[in-house]
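Encoded as structure tokens, the structure appears first; notes follow it.
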Amino acid sequence: MSADERPPKGVMTTDVERLLSDALRPIDPPQSLWSRFEETFAAVTQAAADELSDWADELTDSELSSLRDPRNWVRPVVAAAAGGVATGALVVLEVRRRSKRSNGGLKGLAGDLRSRI
Amino acid sequence: MNGEIETAAQTSADPAAKAELDKAFSDLYRTHLRDVYSYSYYRVGNHHDAEDLTEQAFLQAYRHFERARRESDGRPLRPWLIRIAHNLASNHHRDRSRRPQTPLENADPIAARHGTEAVAEGREELRAVIENLGHLPDDRREALIMRFALGMDNREIARALGRTDGATKVLIHRAIKQLQEEMDS
């Protein structure tokens, strides 16, 4: 091939893109695949729905059984008792503090005399 | 099968939400079954394996559909589906390469992989382009299948292959150039 016969740079002798478009055509799936897939999908969604329902049932059952189990009562009772003790201690401290302020006793009298002298 | 199904629908215990999700998925596969099947067929070269691969791809898609929809932010889900099919096809080829090859597969690997007889219909030019397509590196061949068999644009192909738009543009350009050179040689 002489220089004159050669295609100019950038010009392709074979139109590859056209050939690819002809060769690689989309392929329709067989009808059997549509029905096969419809069946599989129906089975899968049904199975998922069943699992969802079972899961919800299990959750409710487990919650109820945990409420009925006496072993699970200990924690709330201990928490309530601890809260009661703490509240009582605070009340006692507050009462003592107020009684000190209103009734100074011998210590208060001695302090008063000391300040006057 | 039940144990394997881990749909996002199960996480939302709302039956109405699940029904809506299933309806959306049904629309998705009706719209894209042909695309996934075509891609699978051009990757594995026979209808039987292409059907299996397509079914597996959609089952896998169903498991992660809610999350994919959420994360796609309204963008088309076709590249995601093709990416699933792409990964499954790669696994398929890897598994087959571990098994002993039959003489039939050795006899005409290009025809077996791409169904040359059916597609080219005896036309020498088309046969040649399919044969040369089989000589391209995997990523170039796959990009051309996406472009020409599925009509995907650069952005879609980029998302399906997990590349940037720029890298995909270069990939397709080089694939066509290499194919052109092989056809002209």
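Coordinate-derived values only; no laboratory data. Remember, predicted model here, so these are calculated numbers, not experimental data. Quick reminder, even Gly has a Cβ in these numbers, built from the backbone with ideal geometry, and neighbours come from all protein chains shown.
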Estimated FRET transfer efficiency (B:A17, B:H48; beta-carbon r; R0 51 Å; 0.05): 0.90
Sum of side-chain charges, B:P76 neighbourhood, beta-carbon under 10 Å (Lys, Arg +1; Asp, Glu -1): +3
Order of B:L77, A:L90 - criterion: other Cβ atoms within 10 Å of each residue's Cβ, fewest first: A:L90, B:L77
Calculated from backbone phi, Karplus (6.51, -1.76, 1.60) coupling profile of the range B:148-158 in Hz, x at Gly/Pro: 8, 7, 10, x, 7, 8, 4, 5, 5, 5, 4
Sorted by Cβ density within 10 Å, fewest first, the residues B:H135, B:H64, B:H86: B:H135, B:H64, B:H86
Cβ-based exposure ranking for B:H32, B:H48, in which fewest neighbours within 10 Å come first: B:H48, B:H32
